[in-house]
Amino acid sequence: VTQAQWRAVMGNNPSRFAGCDDCPVEWVSWDDAQEFVRALSHKTGKSYRLPSEAEWEYAYRTGGAHAYCGSDNVDAVAWYRSNSGDRTRSVGGKQPNAWGLHDMSGNVAEWVEDCWNDSYSGAPRDGNARKSGSWCARVVRGGSWYYFPRIVRAASRFWLDSTLRISGTGFRLARMLP
């Protein structure tokens, strides 16, 4: 979700790096992302949601085994600590993966629907979001402009409190089909 898309739905721009309409919106919490989902769904009459962690990883990997989203060459696909200039960058500025998805490695880490669990043991087998854990901190995937290459890899995942806002975290959406 870009800053322009956020502003069109929510009427403001919370981003630390404001002024770049085609940069990802950031400085949004998981709770803020949920508010955006409700507002966008209401405005368009279509159903949107955050992807589950399993859906996010499936889209990231596209059936391949690359270290990063679409390549083993981090510079080809990601904005990260060494090439970002210490800020977010316009979406789509790097090579997409096999399904045409950009910026899943770096730029901003992305909130997903799931509650944090230390392992995948007991996760739903159908790709749905995991709605329980020892506490429900939320999963973040993909790393950001701030991180080193090892953190923008496919296997990297971490958690944040659902109310936390930082300049390296945004989100992408899934649309439910009728």
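The values are calculated or read from the model by the stated rules, or taken from the named source; none is laboratory data. Worth saying up front: this structure is predicted, and the values here are computed from it rather than measured. Methodologically, a virtual Cβ is constructed for each residue, glycine included, from the backbone with ideal geometry; neighbour enumeration extends over all protein chains shown. Each accessible area value is taken on the protein alone, full model and side chains, heavy atoms only, with ligands, DNA and RNA left out. Shrake-Rupley method; radii C 1.70, N 1.55, O 1.52, S 1.80 Å.
The C-beta contact set for the range 1-24 (first residue open to solvent by 60 Å² or more (accessible area, probe 1.4 Å), second residue of a type in the set (A, V, I, L, M) and not in a loop (DSSP other than H, G, I, E, B), distance under 7 angstrom, 6+ apart or interchain) comprises Met10/Ala39; Asp21/Ala4; Asp22/Ala4. Total residues in the range 114-140 satisfying the condition of being hydrophobic (A, V, I, L, M, F, W, C) and either at pLDDT below 90 or assigned to a loop (DSSP other than H, G, I, E, B) (or both): the figure is 6.
Checked against (1) touching an Asp or Glu at 6+ places or on another chain (Cβ under 7 Å); (2) open to solvent by less than 10 Å² (accessible area, probe 1.4 Å), Gly143 passes all but condition (1). Scanning the range 145-172 for residues that are under 12 Å from Val108 (Cβ atoms) and aromatic (Phe, Trp, Tyr) yields Trp145, Tyr146, Tyr147, Phe171. Taking the conditions (1) farther than 17 Å from Asp114 by Cα; (2) crowded, with 19+ Cβ neighbours inside 10 Å in turn, Arg138 satisfies each one other than (1). Candidates are the residues of the range 25-38 that are surrounded by fewer than 16 Cβ atoms within 10 Å (Cβ to Cβ) and touching a residue at least 12 places away in the same chain (Cβ under 8 Å); the one that is nearest to Met176 (Cα to Cα) is Glu35.
Taking the range 146-165, which residues are part of a loop (DSSP other than H, G, I, E, B), open to solvent by 20 Å² or more (accessible area, probe 1.4 Å) and of a type outside the set (Gly, Ala, Ser)? Result: Tyr146, Tyr147, Phe148, Arg153, Asp161, Thr163, Leu164, Arg165. For the range 84-100, a residue qualifies if it is open to solvent by 40 Å² or more (accessible area, probe 1.4 Å) and touching a helix residue (DSSP H, G or I) at 6+ places or on another chain (Cβ under 6 Å), and exactly one does: Gln95. Counting residues in the range 105-113 that are farther than 15 Å from Trp30 by Cα, assigned to a loop (DSSP other than H, G, I, E, B) and either open to solvent by 20 Å² or more (accessible area, probe 1.4 Å) or in contact (Cβ under 8 Å) with a residue 12 or more places away in the chain (or both) gives one or more.
Could you count how many residues in the range 78-108 are of a type outside the set (Phe, Trp, Tyr) and within 23 Å of Leu160 (Cβ to Cβ)? I'd like the intermediate steps shown before the answer.
The initial filter retains those residues of the range 78-108 that are of a type outside the set (Phe, Trp, Tyr), namely 78, 81-98, 100-108.
Those left that are additionally within 23 Å of Leu160 (Cβ to Cβ): 78, 81, 84, 86-89, 91, 101-108.
Of the residues in the range 78-108, 16 are of a type outside the set (Phe, Trp, Tyr) and within 23 Å of Leu160 (Cβ to Cβ).
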